[in-house]
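Asker: Below you'll find the structure I mean.
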Amino acid sequence: MALDDIKHIIHRCFRCGYCKFTHSYSEFNCPSYNKYRFETYSAGGRMWLIFGLMNNELQWSDNLANILYACSTCGNCVENCRFVKFNEFWVDIIEAARAEAVKNGFCPDKQKNLLERTTNPEMFNPYAEPNSDNEELKKEYNLPDKAEWVYFIGCTSNYRQKNLRDSTLRFLKKAKIDFTLIDEHCCCSPIIRTGQISPVKDFMNYNVEKIKEAGATKVITSCAGCYRTLKNDFEKFGVEYDFELYHTSELVKKLLDEDKLKFTSSYDKTVTYHDPCHLGRHSGIYKIPREVYKKIPGINFVEMKRNRENAYCCGAGGGVKIGYPDWSVEISKERLEEAKETGATVVSSTCPFCRTNLSDANDKFDMGFEVIDLIEILDKLDIEIINNELKK
Amino acid sequence: MNTDQILKDLQNIVGKEFATNSPEDLYIYSQDPGASLPRPVDFVVMPKTTEEVQKIVKLANEEKIPLVPMGGGLTLSGLIIPVRGGIVLDMKRMDQIIEINKLSRYALIEPGVSTGQLLAYLNEHHPDLQPAIPDAPPSATIAGNVLIHGSGYLSQKYGDHGAMVNGLEVVLASGEVVKLGSCAVSHYWFARGPIPDLVGLFLSSFGTMGIVTKLSVQIFPKPKFREIVFGLMKDEENIPNLLLEITTIDFIEDVLLGKQDKPEWMKGYIFFMVYITGDSQEDIDVKLKILKKTYRKNGARYMKAPQKMIDLYIEKPIFASGAADFRKGGGFEYVGANMPLERIPEAYRRGAEISRKYGIPPTLGSRLIGQTHNIVMFFSYSFNRADPDDMQNARNALEETNHLTLELGGIPWKGELGAQKLVLKKMDPNYKKMFFNIRQMLDPNGIMNPGNWSEEEN
């Protein structure tokens, strides 16, 4: 989406402020409004600034770019804006405005690194790590070249949250899923969110091609960011695919529903679930992970005050983690403080970004939680697989 | 004005991150969602404490810089857009709910507490109590609402929201802090008197008398059951009699009336929504029967309204901002005319004529304030924010409606600068003189939202 495409919408934001709140108005649920507090930093404020830009009442500046980039694109505004005819576009508009910032030379330096690293042919990931073609992992886990499923690991799990990756690999093996890995390049979520969209389509086409080469008809990912990008953004960029897409929690739920999976040991801890924005508000998946947690023997599953559509962002999204590292962790701290109120000792999520940022806050502020992904919990359990037809 | 130095001084008072003069921030604070043209702002500052407000006021006095306090910024009539530049004080960091007194039924709060915040807080912690909130979005502040003589929920039963102010803490232009209401004598903020009532000086004066830093507002028992009884009436001449009879029945919480051309089935009718409350569904059913009978007797008929509509109006607050998208334009503004009941039928007729004259589909409504002591009449005009001519058209319609309001014996509520001037023109000269004298005494340097309630050219 380009800014020109939203000319018929942008002026329709009334700046009424519903976008700042939870459903019940109990709290301001927009991380950047919570921090900066000027109206400028609410979703409505940003829409009015973009309108001002489009009308030439405002000019690009570093400060304007900063206002646009200090948004974790968590989607709370989309969720709470009452103008149902066009509220779905708010995050797309932020991303389109960032693309305009990039065009005009106002992408902040830290976010620029994401593009440089991702397009570096030695890397193809935003973490500046040498690209892994995943052949070592294939050998280690004895994976075929062609299979029904591709596990799309995602850069964060492959280069930072390796335990999340390895837990997923072990789980898929235990579940007897017929899967393989590809020499994947970044799904492009970080560069899409930060408006650096020039190489995106090529990257998407590359990954689709690799999945096709692997003969897969199904793709599973343990990353909520990759999931959202594959589910929503590929279509927006005009890239088609014909495989089925699963988040790990969806596969686990399916196996449980079909009585193909049983947990045979227990996890005797009090756990609260943090909804990742990518999986929750952006993909509409709230119930599935909860149903999986609740099936785990021994678990005491508790909810934070803000949950599901009302969940508070962990602060890692939209390029905020790289652009504003200290603030980003403070947002997670606020989330962990909310988790404290539940009595939980474990904060669990289904997204490697959330896991990273919540862990960082947990360590930095000595919050005393165990921060762990759902799939890592499942990896600790003994499981029984019964007549799994999915393995074909 | 030494802009850099003043910014530094403001940042020293509130912290670097809460004072700004960046073009982007000033752009946002130079306009509101209504039809007013933007006006320049020099600084925006967000104080956290009364002491910080005092320091800002002292600085403004020394530098002779105008001060404009702002809550949610949702009056739509540009009251928080400076007329002569200066500092906008966005009060929303002063957001503490200090005390809920369950026995004397008041909430002592800071001025940045939003209506949504208080509503949610009471729902969670005191589910048997409810606040009086306006039809504005939940980001409107309680202070902003009561200080403009707001109205909305519970207005029919308990009066306008300005009447629900028990007391205020105000920073005067001198920098002194004054307490008004029972809190001036007692440590309870339970009532406005019985002492000379100066609270009124700060209501509808739009920040020209001082900056409110604490306030106590009445809160009310919440009934267990609440329902809307919808009705339609063909002839607006029947409105006064119907309302007199309805308000004779003592279980009516709120009454809303309206006239609009869409949806089609509403065209040509006055619709009314009467909010009834009770202890049980049986209680509600009995009251419903009584109301239906009252409707029939007064030329109206009960109608089972579409559930979607009922849901919209039973929700607190009503999504009144939806009016902004009636013409896919993102804006609306209304004249909120406080009117005597006897002129309401004519107001509906002539309001619709003005709408049609300006090519805007009529959207008229009204709310009862304290039985029939006052009716707030809404003449609403939607406009396209992207079209300057359409915005001018709305401003013209608003101006003509202000004239109509005064002609009919009403008074524009929270009016934009033009409306204020019209009111002053018609005001008893000695009232006006007294008002200006008090203002001169409190604010000799004229720093408190100057240009508002002013006869001078802006």
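Asker: How many of the residues making up the stretch B:13-27 are within 11 Å of chain A (Cβ to nearest Cβ), part of a helix (DSSP H, G or I) and among the hydrophobic types (A, V, I, L, M, F, W, C)?
Answerer: 3
Asker: Tell me the residue from A:Phe83, A:Phe51, A:Phe14 that is within 11 Å of another protein chain (Cβ to nearest Cβ), in a helix (DSSP H, G or I) and aromatic (Phe, Trp, Tyr), please. Full working, then the answer.
Answerer: On the way: A:Phe83 fails: in a helix (DSSP H, G or I); A:Phe14 fails: in a helix (DSSP H, G or I).
Only one candidate passes the filter, namely A:Phe51.
Asker: Okay, moving on. Residues that are farther than 27 Å from A:Lys262 by Cβ, modelled with pLDDT of 95 or more and touching a Lys or Arg at 6+ places or on another chain (Cβ under 7 Å), at least 1 per element: which helices (runs of 4 or more DSSP H) completely within the stretch A:128-182 meet that?
Answerer: Details: elements: A:135-140, A:155-159, A:162-174.
Per the criteria, A:155-159.
Asker: Taking strands (runs of 3 or more DSSP E) that do not extend beyond the stretch B:45-105, which have at least 3 residues that are touching a Leu at 6+ places or on another chain (Cβ under 9 Å), at pLDDT 95 or above and in the same structural domain as B:Thr208 (by TED's automatic domain parsing)? Break it down into steps so the answer makes sense when it comes.
Answerer: Working: elements: B:67-70, B:87-90, B:97-101.
Counting at least 3 such residues, we get B:97-101.
Asker: B:Asp95 fails exactly one of the following numbered conditions: (1) within 11 Å of chain A (Cβ to nearest Cβ); (2) within 21 Å of B:Gly207 (Cα to Cα); (3) crowded, with 20+ Cβ neighbours inside 10 Å. What is the number of that condition?
Answerer: (3)
Asker: Select from the stretch B:111-135 the residues that are of a type in the set (D, E, K, R) and within 14 Å of chain A (Cβ to nearest Cβ) and write down the one among them that is surrounded by the most Cβ atoms within 10 Å (Cβ to Cβ). Step through it out loud before you land on a result.
Answerer: Initially, the stretch B:111-135 is screened for residues of a type in the set (D, E, K, R), giving B:124, B:128, B:135.
Now narrow it down to the ones that are within 14 Å of chain A (Cβ to nearest Cβ): B:124, B:135.
On the way: B:Glu124: 11, B:Asp135: 24.
Across the stretch B:111-135, the extreme among qualifying residues is B:Asp135.
Asker: For the subset of the stretch B:276-312 comprising residues that are crowded, with 18+ Cβ neighbours inside 10 Å and not aliphatic (A, V, I, L, M), which member is nearest to B:Leu74 (Cα to Cα)?
Answerer: Only one residue tops the list, namely B:Thr277.
Asker: Related question: Taking the stretch A:172-191, which residues are of a type outside the set (Asp, Glu), surrounded by fewer than 22 Cβ atoms within 10 Å (Cβ to Cβ) and either out of contact with any strand residue (DSSP E or B) (no Cβ under 8 Å at 6 or more places or on another chain) or within 17 Å of A:Glu100 (Cα to Cα) (or both)?
Answerer: The answer is A:Lys173, A:His185.
Asker: Quick one: count up the residues across the stretch B:67-89 that are of a type in the set (Val, Ile, Thr) and surrounded by fewer than 24 Cβ atoms within 10 Å (Cβ to Cβ). Show your work before the answer.
Answerer: At the first step, the residues of the stretch B:67-89 found to be of a type in the set (Val, Ile, Thr) are B:68, B:75, B:80-81, B:83, B:87-88.
Right, trim to surrounded by fewer than 24 Cβ atoms within 10 Å (Cβ to Cβ) and you get B:83.
The qualifying residues number 1.
To keep it simple, each residue is scored yes or no on (1) out of contact with any Leu (no Cβ under 8 Å at 6 or more places or on another chain); (2) not acidic (Asp, Glu).
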residue: A:Asp4; (1), (2): yes, no
residue: A:Lys7; (1), (2): yes, yes
residue: A:Cys13; (1), (2): yes, yes
residue: A:Ser26; (1), (2): yes, yes
residue: A:Asn34; (1), (2): yes, yes
residue: A:Phe38; (1), (2): yes, yes
residue: A:Ala43; (1), (2): yes, yes
residue: A:Arg46; (1), (2): no, yes
residue: A:Ile50; (1), (2): no, yes
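Asker: So which of A:Cys71, A:Cys81, A:Cys77 is buried (at least 24 other Cβ atoms within 10 Å of the Cβ) and touching a residue at least 60 places away in the same chain (Cβ under 8 Å)? Reasoning before the result, please.
Answerer: Working: A:Cys81 fails: buried (at least 24 other Cβ atoms within 10 Å of the Cβ); A:Cys77 fails: touching a residue at least 60 places away in the same chain (Cβ under 8 Å).
Exactly one of A:Cys71, A:Cys81, A:Cys77 is buried (at least 24 other Cβ atoms within 10 Å of the Cβ) and touching a residue at least 60 places away in the same chain (Cβ under 8 Å), namely A:Cys71.
Asker: Here's another thing I want to ask about it. Looking at B:Ile447, B:Ile438, which one is of a type in the set (Val, Ile, Thr), surrounded by fewer than 18 Cβ atoms within 10 Å (Cβ to Cβ), within 30 Å of B:Asp42 (Cβ to Cβ) and not assigned by TED's automatic domain parsing to the domain that holds B:Phe332? Give the steps one after another, and end with the answer.
Answerer: Details: B:Ile447 fails: surrounded by fewer than 18 Cβ atoms within 10 Å (Cβ to Cβ).
Checking each option against the conditions leaves just B:Ile438.
Asker: Yes or no: A:Thr194 surrounded by 17 or more Cβ atoms within 10 Å (Cβ to Cβ), modelled with pLDDT of 95 or more and either at positive phi or not assigned by TED's automatic domain parsing to the domain that holds A:Cys74 (or both)? I'd like the intermediate steps shown before the answer.
Answerer: Numbers: surrounded by 17 or more Cβ atoms within 10 Å (Cβ to Cβ): yes; modelled with pLDDT of 95 or more: yes; either at positive phi or not assigned by TED's automatic domain parsing to the domain that holds A:Cys74 (or both): yes.
Yes: the conditions hold for A:Thr194.
Asker: So for the stretch A:18-31 (the condition being crowded, with 22+ Cβ neighbours inside 10 Å and more than 12 Å from every other protein chain (Cβ to nearest Cβ)), does at least one residue qualify?
Answerer: Yes, the stretch A:18-31 contains a residue that is crowded, with 22+ Cβ neighbours inside 10 Å and more than 12 Å from every other protein chain (Cβ to nearest Cβ).
Asker: Kindly establish whether B:Leu76 is within 14 Å of the chain's Cα centre (by Cα) and within 11 Å of another protein chain (Cβ to nearest Cβ).
Answerer: Values: within 14 Å of the chain's Cα centre (by Cα): yes; within 11 Å of another protein chain (Cβ to nearest Cβ): yes.
Yes.
Asker: Restricting the search to the stretch A:54-73, which residues are within 15 Å of A:Thr194 (Cβ to Cβ), of a type in the set (A, V, I, L, M, F, W, C) and more than 9 Å from every other protein chain (Cβ to nearest Cβ)?
Answerer: Residues satisfying the conditions are A:Ala65, A:Leu68, A:Ala70, A:Cys71.
Asker: Is it the case that the stretch A:295-303 has a residue that's assigned by TED's automatic domain parsing to the domain that holds A:Thr168, hydrophobic (A, V, I, L, M, F, W, C), in contact (Cβ under 8 Å) with a residue 24 or more places away in the chain and buried (at least 19 other Cβ atoms within 10 Å of the Cβ)?
Answerer: Restricting attention to the stretch A:295-303, the residues satisfying the condition of being assigned by TED's automatic domain parsing to the domain that holds A:Thr168 are none.
Within the stretch A:295-303, not a single residue is assigned by TED's automatic domain parsing to the domain that holds A:Thr168, hydrophobic (A, V, I, L, M, F, W, C), in contact (Cβ under 8 Å) with a residue 24 or more places away in the chain and buried (at least 19 other Cβ atoms within 10 Å of the Cβ).
Asker: Residues that are more than 22 Å from B:Leu118 (Cβ to Cβ) and surrounded by fewer than 18 Cβ atoms within 10 Å (Cβ to Cβ): does the stretch B:154-172 have at least one?
Answerer: yes
Asker: Name the helices (runs of 4 or more DSSP H) wholly within the stretch A:251-364 that hold at least 1 residues that are more than 25 Å from A:Cys71 (Cα to Cα) and out of contact with any Leu (no Cβ under 9 Å at 6 or more places or on another chain)?
Answerer: On the way: elements: A:287-295, A:320-323, A:325-340, A:352-364.
Answer list for the stretch A:251-364: A:287-295, A:325-340.
Asker: Name the residue that is surrounded by the most Cβ atoms within 10 Å (Cβ to Cβ), counting only residues in the stretch A:201-222 that are touching a residue at least 40 places away in the same chain (Cβ under 8 Å) and among the β-branched types (Val, Ile, Thr).
Answerer: This residue is A:Thr221.
Asker: Still on this structure, please answer the following. Take the stretch B:143-163 and flag every residue that is more than 8 Å from the chain's Cα centre (by Cα) and farther than 14 Å from B:Gly73 by Cβ.
Answerer: Passing the criteria: B:Gly152, B:Tyr153, B:Leu154, B:Ser155, B:Gln156, B:Lys157, B:Tyr158, B:Gly159, B:Asp160, B:His161, B:Gly162, B:Ala163.
Asker: Assess whether A:Asn104 counts as being more than 25 Å from the chain's Cα centre (by Cα), more than 14 Å from chain B (Cβ to nearest Cβ) and at pLDDT 95 or above. Don't jump to the end; show me each part of the working.
Answerer: Values: more than 25 Å from the chain's Cα centre (by Cα): yes; more than 14 Å from chain B (Cβ to nearest Cβ): yes; at pLDDT 95 or above: yes.
So A:Asn104 fits the description; yes.
Asker: Has the stretch B:390-402 got any residue that is among the aliphatic types (A, V, I, L, M), assigned to a helix (DSSP H, G or I) and either within 25 Å of B:Ala163 (Cβ to Cβ) or within 19 Å of the chain's Cα centre (by Cα) (or both)?
Answerer: Pass one, the stretch B:390-402, residues among the aliphatic types (A, V, I, L, M): B:391, B:394, B:397-398.
Subset that is assigned to a helix (DSSP H, G or I): B:391, B:394, B:397-398.
Filter again for either within 25 Å of B:Ala163 (Cβ to Cβ) or within 19 Å of the chain's Cα centre (by Cα) (or both), leaving B:398.
Yes - at least one qualifying residue is present in the stretch B:390-402.
Asker: I would also like to ask the following. If I filter the stretch B:29-44 down to residues being closer than 16 Å to B:Met91 by Cβ and in contact with a Leu (Cβ under 8 Å, 6 or more places away or on another chain), which single residue comes out as nearest to the other protein chains (Cβ to nearest Cβ)?
Answerer: Applying the filter and picking the extreme gives B:Val44.
Asker: Checking the condition touching a strand residue (DSSP E or B) at 6+ places or on another chain (Cβ under 6 Å) and farther than 25 Å from B:Arg84 by Cα, which residue from B:Asn449, B:Asn402, B:Asn374 passes? Working first, answer last.
Answerer: Details: B:Asn449 fails: farther than 25 Å from B:Arg84 by Cα; B:Asn402 fails: farther than 25 Å from B:Arg84 by Cα.
Exactly one residue qualifies, and that residue is B:Asn374.
Asker: Can you find a residue in the stretch B:154-167 that is closer than 30 Å to B:Asn298 by Cβ and among the basic types (Lys, Arg)?
Answerer: Yes, the stretch B:154-167 contains at least one residue that is closer than 30 Å to B:Asn298 by Cβ and among the basic types (Lys, Arg).
The values are calculated or read from the model by the stated rules, or taken from the named source; none is laboratory data. It should be emphasised that the depicted structure is a prediction, and the values quoted were computed from it without experimental measurement. Heads up, the Cβs are rebuilt from the backbone with ideal geometry, glycines too, and the neighbour counts pull from every protein chain shown.
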